[in-house]
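What follows is a single structure, written as structure tokens, with notes after it.
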């Protein structure tokens, strides 16, 4: 955007229909520009053009994904609606968790900014999702972060990962939000395109739900929080809708937003006090597309009109043009709709928290969004045409020709280690591999204790947060995705991501009730990518229907690719569960010697896409493990019942690395050893197969009979593997007739991988 | 018994500190940074967080808040004051305690369960511990490295004013592994780790932190 001396008003736009406008530089296609002219019956003013371009970008309009995302709504059943208080389409979904309490949660991406500027990109990603949760009327209570970067030994990973982790920590720690889980995954496909997905959980009472709607003509529009600056201008349309190669044109220089978590902390406390005083009738956070998005969405959702006096917006940089003010993505801002008689009390609360608030306009019944600048009209549009009725594309999709070859190249045919010594070395190698090793280099940079309600946090299977100190009610959350499985079969792979997150929540003792997803894919203009996307959404929607838990919201991130090479398709799934009493949660670690150790579920020869295939053979091909959601439900029923009856000392989900890695993690958590005999399978399969619907549990021997009853009641196979033995220096993993592995040796291998690669990086 | 917990803009562990005070059996009284009224409290906790966004320097702005004027005079008269993490930084900035806290030597924020040795049980906040007792609290800070000049360190050691020291690897580069110190009188204690996060078995590493809060109750009763 260049600064002009002449203001392009609505009147001028009407008088000068033939002025050439830079619609293409703003990311609009020619038919989209024609559509805008048809809607307005004239050419758009430059401010209107800015608004349409940013709101019709892929990031804001979901124009390529919308036709597929409808599946989530269409597959809802009455059972799935039962707990759903607010569904897809609002800032975040809200589910009932009992006792009049509700929980809102959502996961969102901030991928491209985090590659350009890892610290600020990740930090503002956290800030954005926290404001979404806050805007629902909820107090934010926990964060999770799901990170994917290039290979650990790549030079750029040592720039990106430490920056991203410091950014997630720097922002989240300063907000006083415990970070209780997430993932860190290394894969070459993310080298030029890291994924930074952040999930926030908030708690509110049913009657506290707030919506992003402007209604009631005469109500005031208040902008509060940070002043508007020049950061992030065009961030949405540029960063989220084109690849970096295309971004060198001068008008499209990417600019990452800069966060101020202290301001956001004040904004949280101030907003909660405003809700508490019932001073807000509608609210929207300012995120992607800033004022363009907030004004048009509020007016469109409320079925109303709005008049804004743009020159009242407090600025950090007075040289900003109206177009830039409309597009700015300056952080830590909110917009509230307030009844006229509440404006003074509203301003008083803001003043108490030192938060600047400005009355910039009013709700009207005109059905038009009009914006004035220094007495002249610069925007006059139907708000729905900006916010909700953007273009929708049925992109061509096509199963890539190479997919058959990939699917037929099965890992089950790879050479397998023979004796105990080789298996022992393989267990060690996997435990020390970047994707399975100790995560504490990352997670120790996050405050997991603040607020004093964290019952379980990483490296546990799910983060568990107490939400009611009186009753002990709590929620459990896990995010998961094995993108290699999605690459091998997007439909099944998305279901496997769902199944894993569901299982992680259930083994912690909570009943899964809702889903959020962050769908990270390559370019939607590539039919092969679009096929992956469509298949993944179909798989996820079908899977949710079978598990009877609704998708309540989420985010799509396209154009995650370097040149023509897309990332592994990565639909990250977050599952939320509820537990009546957090004292009954089940942790992953063996608690002491003398407990019986069982494997629940069935193990098959399923090694394609496994960690073993990748770490040992650098191989990816074949079919991912079979999906059996009925078995997942049965396992979850056993785990939830067992937790409620306090049968179990520990429970750990089996996923990447199979039984071997589950044993490693359950032993190392508290330094308790185990002696087991493998069931009569090929030992390689028994240790490293990644068959689904399985868990490793330990329990006092007095409870074995009851566990057997529960398993038989729900049809879950159970196999007694052995017992926990030994603590301290003598503890080891002893696999009868094959090998033994002292925990000290194992811990040394497992815990040094990340520090040795990243310290002093 | 009334224990005040100050909320500055950017305080984060104020809710946790109030919970710890209540669990110890006292009334937790919220104190607002913008007032110099201490509401008749018997003791004050300055909680962790990022008061005023840590702008300028941790604790540097909080020192000038109205409430700190009142806390500083009360502390000089003998009122028990515990500064935790950011609260410790504020006490140093307020010259109620000597030395300063600087960025961790690792240059990274660290959050972990941390072993400590209690080395002074004569303070208002540690009388319920036994001398040289080893406890586990939560440590979480970005700027927790305790530094002071040689003369100050020597004086702290000579006068037995090191209240707690880190066990094992030094987590943040603190001189002489110092995790907490007190003033000459023993009523003002600054501690980098967080006792308020270790007051129940469910949501922290055990209950080793509780006695900071029960200690002060006896101190106030005895006073």
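Some values worked out for this structure:
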read-out: Matching entry among A:513, A:465 (being assigned to a strand (DSSP E or B) and within 14 Å of another protein chain (Cβ to nearest Cβ)); value: A:465
read-out: Some residue of the stretch B:9-28 being assigned to a strand (DSSP E or B), on the phi < 0 side of the Ramachandran plot and more than 10 Å from chain A (Cβ to nearest Cβ); value: yes
read-out: Unique residue being surrounded by 23 or more Cβ atoms within 10 Å (Cβ to Cβ), out of contact with any helix residue (DSSP H, G or I) (no Cβ under 7 Å at 6 or more places or on another chain) and closer than 15 Å to residue B:3 by Cβ when the list is B:83, B:87, B:40; value: B:87
read-out: Hey, residue A:550 at pLDDT 95 or above and within 20 Å of residue A:106 (Cβ to Cβ) or not; value: yes
read-out: Count - residues of the stretch A:650-686 that are farther than 23 Å from residue A:433 by Cα and assigned to a helix (DSSP H, G or I); value: 0
read-out: Criterion (modelled with pLDDT under 95, within 14 Å of another protein chain (Cβ to nearest Cβ), touching a helix residue (DSSP H, G or I) at 6+ places or on another chain (Cβ under 9 Å) and under 22 Å from residue A:178 (Cβ atoms)) met by exactly one of B:49, B:53; value: B:53
read-out: Considering residues of the stretch A:422-451 that are out of contact with any helix residue (DSSP H, G or I) (no Cβ under 7 Å at 6 or more places or on another chain) and assigned to a helix (DSSP H, G or I) only, the residue farthest from residue A:734 (Cα to Cα); value: A:443
read-out: Residue selected from the stretch A:350-364 under the condition in contact with a strand residue (DSSP E or B) (Cβ under 7 Å, 6 or more places away or on another chain) and within 14 Å of another protein chain (Cβ to nearest Cβ), by the criterion nearest to residue A:227 (Cα to Cα); value: A:356
read-out: The stretch B:173-213, residues that are over 21 Å from residue B:91 (Cβ atoms) and either touching a strand residue (DSSP E or B) at 6+ places or on another chain (Cβ under 7 Å) or not in a loop (DSSP other than H, G, I, E, B) (or both); value: B:202, B:203, B:204, B:205, B:206, B:208, B:210
read-out: Wholly within the stretch A:525-619, strands (runs of 3 or more DSSP E) carrying at least 1 residues that are more than 30 Å from residue A:136 (Cβ to Cβ); value: A:595-600
read-out: Residues that are in a strand (DSSP E or B) and surrounded by fewer than 16 Cβ atoms within 10 Å (Cβ to Cβ), drawn from the stretch A:310-350; value: none
read-out: Number of the exception - residue A:44 against (1) touching a helix residue (DSSP H, G or I) at 6+ places or on another chain (Cβ under 6 Å); (2) at pLDDT below 90; (3) in a loop (DSSP other than H, G, I, E, B); value: (2)
read-out: Matching residues in the stretch A:59-98 - criterion: being touching a strand residue (DSSP E or B) at 6+ places or on another chain (Cβ under 9 Å) and farther than 17 Å from residue A:517 by Cα; value: A:82, A:83, A:85, A:96, A:97, A:98
read-out: Options A:371, A:467: the member that is farther than 30 Å from residue B:85 by Cα, at pLDDT 95 or above and surrounded by 15 or more Cβ atoms within 10 Å (Cβ to Cβ); value: A:371
read-out: Subset of the stretch B:67-88 (residues that are within 14 Å of chain A (Cβ to nearest Cβ) and either part of a loop (DSSP other than H, G, I, E, B) or more than 14 Å from the chain's Cα centre (by Cα) (or both)); value: B:85
read-out: Residue B:202 vs. criteria more than 20 Å from residue B:109 (Cβ to Cβ) and touching a residue at least 12 places away in the same chain (Cβ under 8 Å); value: no
read-out: Some residue of the stretch B:155-162 being under 15 Å from the mean Cα position of the chain (by Cα) and part of a strand (DSSP E or B); value: yes
read-out: Test for residue B:205: is it within 13 Å of chain A (Cβ to nearest Cβ) and crowded, with 22+ Cβ neighbours inside 10 Å; value: no
read-out: Residue A:154 vs. criteria in a loop (DSSP other than H, G, I, E, B) and more than 14 Å from chain B (Cβ to nearest Cβ); value: yes
read-out: The listed residue being away from chain B (no Cβ under 14 Å), surrounded by 16 or more Cβ atoms within 10 Å (Cβ to Cβ) and out of contact with any strand residue (DSSP E or B) (no Cβ under 6 Å at 6 or more places or on another chain), out of A:432, A:425; value: A:432
read-out: Sole exception among (1) within 14 Å of another protein chain (Cβ to nearest Cβ); (2) touching a strand residue (DSSP E or B) at 6+ places or on another chain (Cβ under 7 Å); (3) under 16 Å from residue A:220 (Cα atoms) for residue A:304, by number; value: (1)
read-out: Residue count for the stretch B:101-142, restricted to those that are away from chain A (no Cβ under 14 Å) and in a loop (DSSP other than H, G, I, E, B); value: 15
read-out: Residues being surrounded by fewer than 24 Cβ atoms within 10 Å (Cβ to Cβ) and within 14 Å of another protein chain (Cβ to nearest Cβ) - total across the stretch A:560-584; value: 3
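For (1) in contact (Cβ under 8 Å) with a residue 24 or more places away in the chain; (2) under 26 Å from residue A:724 (Cα atoms); (3) over 23 Å from the mean Cα position of the chain (by Cα), each residue gets a yes or a no:
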position: A:561; (1), (2), (3): yes, no, no
position: A:574; (1), (2), (3): yes, no, no
position: A:582; (1), (2), (3): yes, yes, yes
position: A:594; (1), (2), (3): yes, yes, yes
position: A:598; (1), (2), (3): yes, yes, yes
position: A:612; (1), (2), (3): yes, yes, yes
position: A:615; (1), (2), (3): yes, no, yes
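Matching residues to (1) more than 35 Å from the chain's Cα centre (by Cα); (2) within 28 Å of residue A:624 (Cβ to Cβ):
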residue	(1), (2)
A:649	no, no
A:672	no, no
A:708	yes, no
A:721	yes, yes
A:740	yes, no
A:757	no, no
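Yes/no per residue for (1) within 14 Å of chain B (Cβ to nearest Cβ); (2) under 30 Å from residue B:85 (Cβ atoms); (3) surrounded by fewer than 15 Cβ atoms within 10 Å (Cβ to Cβ):
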position	(1), (2), (3)
A:394	no, no, yes
A:401	no, no, yes
A:411	no, no, no
A:414	no, no, no
A:421	no, no, yes
A:442	yes, yes, no
A:451	yes, yes, no
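Yes or no, residue by residue, for (1) in contact (Cβ under 8 Å) with a residue 60 or more places away in the chain; (2) out of contact with any helix residue (DSSP H, G or I) (no Cβ under 9 Å at 6 or more places or on another chain); (3) more than 22 Å from residue B:16 (Cα to Cα):
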{"residue": "B:173", "(1), (2), (3)": "yes, yes, yes"}
{"residue": "B:183", "(1), (2), (3)": "yes, no, yes"}
{"residue": "B:190", "(1), (2), (3)": "yes, no, no"}
{"residue": "B:222", "(1), (2), (3)": "no, yes, yes"}
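The values are calculated or read from the model by the stated rules, or taken from the named source; none is laboratory data. Remember, it's a predicted structure, so these values are computed and weren't measured experimentally. Neighbour counts are summed over all protein chains in view; Cβ atoms, including those assigned to glycine, are modelled from backbone coordinates with ideal geometry.
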